[in-house]
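Okay, so here's the structure we're looking at.
Since every read-out is calculated from the coordinates, none of them should be taken as a lab result. Given the structure is predicted, the values throughout are model-derived calculations rather than measurements. In this analysis, Cβ positions are derived from the backbone assuming ideal geometry, glycine residues included, and neighbour counts consider all displayed protein chains.
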Amino acid sequence: MTGITAYKCNKCGLVMYPKHFRCLKCKGREFEEIEPAGDAKLLTYTVVDQLPWGMDERGRVLGIVEFANGVKATGLVKADDPKLGMKLKAEWGPVRVVGGEPAYGLTLIPKK
Amino acid sequence: MRPVVIAGVGMIPFERTEEGGLVEMLATAGLNALVDAGVDDRPVDAVYLGNMASGLFNHQEAVASALVDSLALMPAAAERVENGPASGGSAIKNGFLAVASGFSDIVLVVGGEKMREVIGPKATDIVATMTHPMAEYVYGVTLPAQAGMFARLYMTKYGITRHHLAQVAIKNQNNGLLNPYAHIQMKITEEGILTHPQAHINNPVVADPLYLYDCCPVSDGAAAVLLTTPEIAKALKKPQVIIAGVGQATDTHALQEREDPTDLKAVTLAAKKAFEMAGAQPKDIDVAELHDAFTILEIAESEHAGFFKKGEGAQALDAGVTQIGGKLPINPSGGLKARGHPVGATGVAQIVELVWQLRGTAGKRQVKEAQTGFSLNFGGFGNNVLAFVVRREA
């Protein structure tokens, strides 16, 4: 369970995340809601040491992944040694604290 | 459309402003442009203000109204134009359209931001509110983080190394030393920021593979231009530097949705439109001001705008092509890297620099015989981009 809802265009099949009111490719307005499925491949990442106000940490790995069913998403990568192309498993977990409460998002851990 | 002349330019030094508020900064730059144009008591029809986030940075809104009041320009029309870090470019486009269409005869465009009123991490957060709230921002994605993810792919694809990124930083900080308006006045060396075993102390990671010296500083600053018709510019006895081409294009909000994340489509399209409108080509450009908020962007933009083939921008940089005195000087002002990047000011400051270059008044950083200039103002992470071609007419 990734907690993310992606959208597949009923007309042309383009997979989009986040939501758009019209398809980025064919301008269609009807979509099938889908969940990311399969392994997530790490397309790119960065290791951030200078985070914004309210996030007091170093070495936070943020990356963009593509799932086997075509959904692409940004997430928090929990890997000590990230590599381009590595396979990750997606979970829905706390990614940030906002106003003292955890905010949830996509967390990605290396697949054993 | 009527031709539009940039008859006056003005700036204030980009720095951490210790005295005065945002409106005083904007008014000083605006006044400098009015004085430079010599408009005296001629009425200004409209004021367009490029500013990204005065509410968040300075707890002040309706800043364009405050600006006309400060400069005694009433009853001029006044609006703030917001387009993230391309707010200045968008304000110029709006001013251009007002004069070109015949709606206005004299327009003052001011761009400015007072970012140092908040601490660094807060400024980073304010700028990061441009990212997609649920798909990016919630994870702590910042503009440097987006640039880091872009840089990793671009460097891998085109064989760009940290040496090349350092060359951008060194060139632009050297140019900044020749620009009294530049925030960063410091010579750096490749040894000091990259090759010395302890270089990481001077140059720590921001968003790997980008380090401190790959990123522009957080600055306060303002810049202004006065736009008018060729006839009025002639009456004012000002050089005929015209806005010959304007282009703008957008791309997906979230970086992840780009089909090829190394392709800065909006840069290519905005530049193409500006060149077409100007009847010019990249080879006609004598001097360019690119949006080097991160060193990787100067290289990538120089390719996407059409100056070099994809993958050849770094070689051109290494060969000295983009130095002042090279075939295509890029960022003689020092760029965002050295001049600074008060977000709303940048697009206007780029045009101010080009006007100084085309008038031949750029001092020690003057590009010889510059007749045609190009600027690129990169909003968001390349999701709303403006390009301009400016030309000195005989």
Give the residue from B:Ala182, B:Pro43, B:Gly55 lying farthest towards the positive end of the charge dipole for the protein assembly as shown; charges sit on Cβ (+1 for Lys and Arg, -1 for Asp and Glu) and the dipole is referred to the Cα centre.
B:Ala182
Given the protein assembly as shown, what percent of its DSSP beta bridges are antiparallel, to the nearest 5?
80 percent
Taking only the alpha-carbon atoms of segment B:229-325, the convex hull volume per residue, in cubic angstrom, is 138 Å³
Whole-Å distance, taken between Cα centres, linking segment B:1-68 and segment B:140-179:
30 Å
Going highest first, how would you order B:304-316, B:39-51, B:369-381 by mean Cβ packing within 10 Å?
B:369-381, B:39-51, B:304-316
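If each residue's Cβ is checked for other Cβ atoms within 10 Å, how do B:Val355, A:Val48, B:Val385, A:Val98 rank with the fewest at the top?
Details: B:Val355 23, A:Val48 27, B:Val385 30, A:Val98 10.
With the fewest neighbours first, B:Val355, A:Val48, B:Val385, A:Val98 line up as A:Val98, B:Val355, A:Val48, B:Val385.
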Would you look at the GNM of chain A, springs on alpha carbons closer than 10 Å, and say which of A:Leu76, A:Leu51, A:Leu84 moves the most?
A:Leu51
What's the local net charge at B:Arg116, with K and R +1, D and E -1, over the other residues with C-beta under 10 Å away?
-3
What does the average come to when, for each residue of peptide A:51-64, you count the partner chain Cβ atoms lying within 10 Å of its Cβ?
6
Please report the antiparallel percentage of the DSSP beta bridges confined to chain B, to the nearest 5.
70 percent
Could you work out the mean count of beta carbons from other protein chains within 10 Å of each residue's beta carbon in A:11-18?
3
Tell me, what is the FRET efficiency for B:Thr156 and B:Thr195 to the nearest 0.05, using R0 = 25 angstrom and their Cβ-Cβ distance as r?
0.75
Ranking B:Thr346, A:Thr5 by Cβ neighbours within 10 Å, fewest first, what do you get?
A:Thr5, B:Thr346
Sorted by chain and number, the residues with a modelled amide H under 5 Å from that of B:Glu312, at a separation of 5 or more or across chains, are none
In whole Hz and in residue order, list the ³J(HN,Hα) couplings for segment B:323-328 that follow from phi through the Karplus curve 6.51 cos²θ - 1.76 cosθ + 1.60, θ = phi - 60°; x for Gly and Pro.
6, 4, x, x, 5, 9
Under 18 Å Cα-Cα from A:Lys72, which lysines qualify once same-chain neighbours fewer than 8 residues away are excluded?
A:Lys8, A:Lys19, A:Lys25, A:Lys41, A:Lys83, A:Lys87, A:Lys89, A:Lys111
Whole-angstrom gap from segment B:247-297 to segment A:1-66, using each part's C-alpha centre
24 Å
Please compute the average number of Cβ atoms from other chains found within 10 Å of each residue's Cβ in peptide B:200-210.
3
How large is the Kirkwood hydrodynamic radius of chain B, counting all unique pairs of alpha carbons, in Å?
20.5 Å
For chain B, what is the relative contact order in percent, using Cα pairs closer than 8 Å and at least 6 residues apart in sequence?
25 percent
Could you tell me the relative contact order of segment B:1-73? Use alpha-carbon pairs under 8 Å, at least six residues apart, and round to a whole percent.
35 percent
Starting at the first residue of segment B:228-235, write each ³J(HN,Hα) from the Karplus equation 6.51 cos²θ - 1.76 cosθ + 1.60 with θ = phi - 60°, in whole Hz, x for Gly and Pro.
7, 7, x, 5, 5, 4, 5, 4
Only Lys, Arg (+1) and Asp, Glu (-1) charged, at Cβ; the protein assembly as shown dipole about Cα centre in debye:
1220 debye
At q = 0.07, 0.08, 0.12 Å⁻¹, what log₁₀ I(q)/I(0) does a Debye calculation on the Cα points of the protein assembly as shown give, no solvent, two decimals?
-0.37, -0.48, -1.06
What Kirkwood radius, in Å to one decimal, follows from the Cα pairs of chain A?
15.0 Å
Once amide hydrogens are built 1.01 Å from N within the peptide plane, the residues lying 5 or more places from A:Val71 or on another chain with amide H under 5 Å from its amide H are A:Ala37
Under 5 Å from the placed amide H of B:Ile12, counting only residues 5+ away or on other chains, we find B:Ala222
Can you sort B:Glu276, A:Glu30, A:Glu66 by how many other beta carbons sit within 10 Å, fewest first?
A:Glu30, B:Glu276, A:Glu66
Please go through the residue pairs B:Lys157/B:Lys368; B:Lys93/B:Lys265; B:Lys273/B:Lys309; B:Lys337/B:Lys364; B:Lys309/B:Lys337; B:Lys93/B:Lys171 and name each one whose alpha carbons sit more than 25 Å apart in this structure.
B:Lys157/B:Lys368; B:Lys93/B:Lys171
